[in-house]
Amino acid sequence: MNENAPTTETRVRKAITGDADALTSLLQQFGPEVERSLQINPVWQTMLEPADIMQVTYLEAFLRIGSFDPERSDSFVAWLRRVAQNNLKDAIRGLERQKQPQPRDRIKPPKFEDSLVGLYEMLEAGTSSPSRQVRRQEACSLLESSIRLLPDRYAEVVRRYDLECQPIGDVADALGKSPGAVHMLRARAHDRLREQLGSASGILDTKS
């Protein structure tokens, strides 16, 4: 063992400040442990693999490491495990909804602008913000700009599934992912969009 190697605590603190190498080192060390801990119901194992979950989890780690507080009781591995478990839950929720009729989601709007309106209304659902006072055209313009700020995979899922209304199987094939992974990517993309819209204009209330 290299006595000069940085400790986990040191790497965590560096990762929080934006050191990508430190975070990569942490993910390489603890990622396999988290992956082994994932338990997927046999019902979904043909549509979702632990590797799918970890790919999204690693991306989320890079996006969210700045919010990790090393002073709290949670260790880095516990935080990473929680991110992975949330991804697994979102994937299963998406797969369960896929088995139920979703006529509103599957009717392709006649225009791209109408697709943006539909996505905006979906993101808005359940919020307590004054978003309805904002002109729809302004909201959709901000939404389109926010989509361009997403990581490439997130943006592609949103465009193909939410805006172009492609079937989940077609989206999965195009991205080379399983349907479960697509649902995870979509859930995380929607989270990012809510955050970006909220911080950009206050359109959406991102309190949770």
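The values are calculated or read from the model by the stated rules, or taken from the named source; none is laboratory data. Just so you know, these numbers come straight off a predicted model, no measurement behind them. FYI the Cβ positions are ideal-geometry reconstructions off the backbone, even for glycines, and counts take in every protein chain you see.
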| Can you tell me which residues in segment 12-51 are closer than 30 Å to Ile168 by Cα and either of a type in the set (A, V, I, L, M, F, W, C) or not assigned by TED's automatic domain parsing to the domain that holds Gly66 (or both)? | Leu27, Val34, Leu38, Ile40, Val43, Trp44, Met47, Leu48, Ala51
| said: Return the residues of segment 12-47 that are exposed (fewer than 15 other Cβ atoms within 10 Å of the Cβ), within 15 Å of Arg82 (Cα to Cα) and of a type in the set (Gly, Ala, Ser); say none if nothing qualifies. | reply: Ser37
| Within segment 56-88, which residues are under 21 Å from Gly176 (Cα atoms) and not β-branched (Val, Ile, Thr)? | Tyr58, Leu59, Glu60, Ala84, Asn87, Leu88
| said: For segment 111-119, check the following and say yes or no: at least one residue is outside the structural domain of Leu38 (by TED's automatic domain parsing) and modelled with pLDDT of 80 or more. | reply: yes
